[in-house]
Amino acid sequence: MTTEITFSSLALAEPILRAIAEAGYTTPTPIQAQAIPQVLAGGDLLAAAQTGTGKTAGFTLPILHQLSTRAVQAPKPGRPRCLILVPTRELAAQVEESVKTYGKYLPLTSMVMFGGVNINPQFKALKSRVDILVSTPGRLLDHMGQKTVDLSGIEILVLDEADRMLDMGFIRDIKKVLAVVPKQRQTGAPQYHGGDHRTNAAPGAAGAQARSAGAPDQAP
């Protein structure tokens, strides 16, 4: 007899479970059921899955749990604890929306940054506390160059659609970011895969999920 896995059985914090329930979900998708425990355990995770399998929540849910259960001493303005790099502004907005949806009952703050818009509101936002920063590589480098963002406190780094970022020529930008974030961190480098979902664990650090570009998930 197979026991059905529920979000409650994945040991996520109660405020996160409340937000998931309000969104109308009780049972994780297969990719979430495999990925979330590995991320919560602090393991490195490479996962690939089709669009519509709840890939984004596969990394945002455990990240929210990790950050909400770790003590932080005197958070500094503009010094995020989690950085999620994405290739496009559309994906950045989608990921940050997921963070806001499932983190609505947590005392965490998030921010999204991308180019093609006025940078001044971003300067202003970075003068306040930011726990989770979702950004495209180019705009992040703009802020790094002007010293308006401090990446020395990064605990979790996610490269969402890492393969696509490389295809788009962001390798140098990514290397510049990796050079300044702490070496001791949780890291995930997801990729999109058109076939069945799969996850691979490796020692060392953290989690991410793959997602397909430009299409919203059909699951949390």
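Yes/no matrix, rows are residues, columns are (1) of a type in the set (Gly, Ala, Ser); (2) more than 26 Å from ALA179 (Cβ to Cβ); (3) over 17 Å from the mean Cα position of the chain (by Cα):
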residue: LEU61; (1), (2), (3): no, yes, no
residue: LEU64; (1), (2), (3): no, yes, no
residue: LEU67; (1), (2), (3): no, no, no
residue: PRO77; (1), (2), (3): no, no, yes
residue: PRO80; (1), (2), (3): no, no, no
residue: ILE84; (1), (2), (3): no, no, no
residue: GLU96; (1), (2), (3): no, no, no
residue: LYS100; (1), (2), (3): no, yes, no
**Message:** With the requirement that a residue be on the phi < 0 side of the Ramachandran plot, assigned to a loop (DSSP other than H, G, I, E, B) and surrounded by fewer than 17 Cβ atoms within 10 Å (Cβ to Cβ), what does region 150-180 give you?
**Reply:** SER152, MET168, ALA179, VAL180
**Prompt:** Since LEU151 meets every condition but one in (1) closer than 25 Å to ALA35 by Cα; (2) modelled with pLDDT of 95 or more, which condition does it not meet?
**Reply:** (1)
**Prompt:** Does THR51 meet the test of being more than 15 Å from the chain's Cα centre (by Cα), part of a loop (DSSP other than H, G, I, E, B), modelled with pLDDT of 85 or more and hydroxyl-bearing (Ser, Thr, Tyr)?
**Reply:** no
**Asked** Counting just the residues of region 54-71 that are of a type in the set (Gly, Ala, Ser) and surrounded by 20 or more Cβ atoms within 10 Å (Cβ to Cβ), which one comes out modelled with the lowest pLDDT?
**Response** GLY54
**Request:** Write out, first by first residue and then by second, each pair whose Cβ atoms fall under 8 Å of each other, whose residues are 6+ apart or on separate chains, and whose first residue, in region 17-31, is within 14 Å of SER98 (Cα to Cα) while the second is of a type in the set (A, V, I, L, M, F, W, C) and not in a loop (DSSP other than H, G, I, E, B).
**Result:** ILE20/LEU61
**Fill in**
Note on region 54-112: residues touching a Pro at 6+ places or on another chain (Cβ under 7 Å) and part of a loop (DSSP other than H, G, I, E, B) are GLY54, TYR105, LEU106
**Prompt:** Given the structure, is LYS147 part of a loop (DSSP other than H, G, I, E, B) and under 20 Å from ALA179 (Cα atoms)?
**Reply:** yes
**Request:** Of the conditions (1) among the charged types (D, E, K, R); (2) modelled with pLDDT of 85 or more; (3) surrounded by 22 or more Cβ atoms within 10 Å (Cβ to Cβ), GLU22 clears all except one; give me its number.
**Result:** (3)
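The values are calculated or read from the model by the stated rules, or taken from the named source; none is laboratory data. Please read all numbers here as calculations on a predicted model, not as lab measurements. Because the Cβ atoms are built from the backbone with ideal geometry, glycine has one as well, and the counts that use them run over all protein chains shown.
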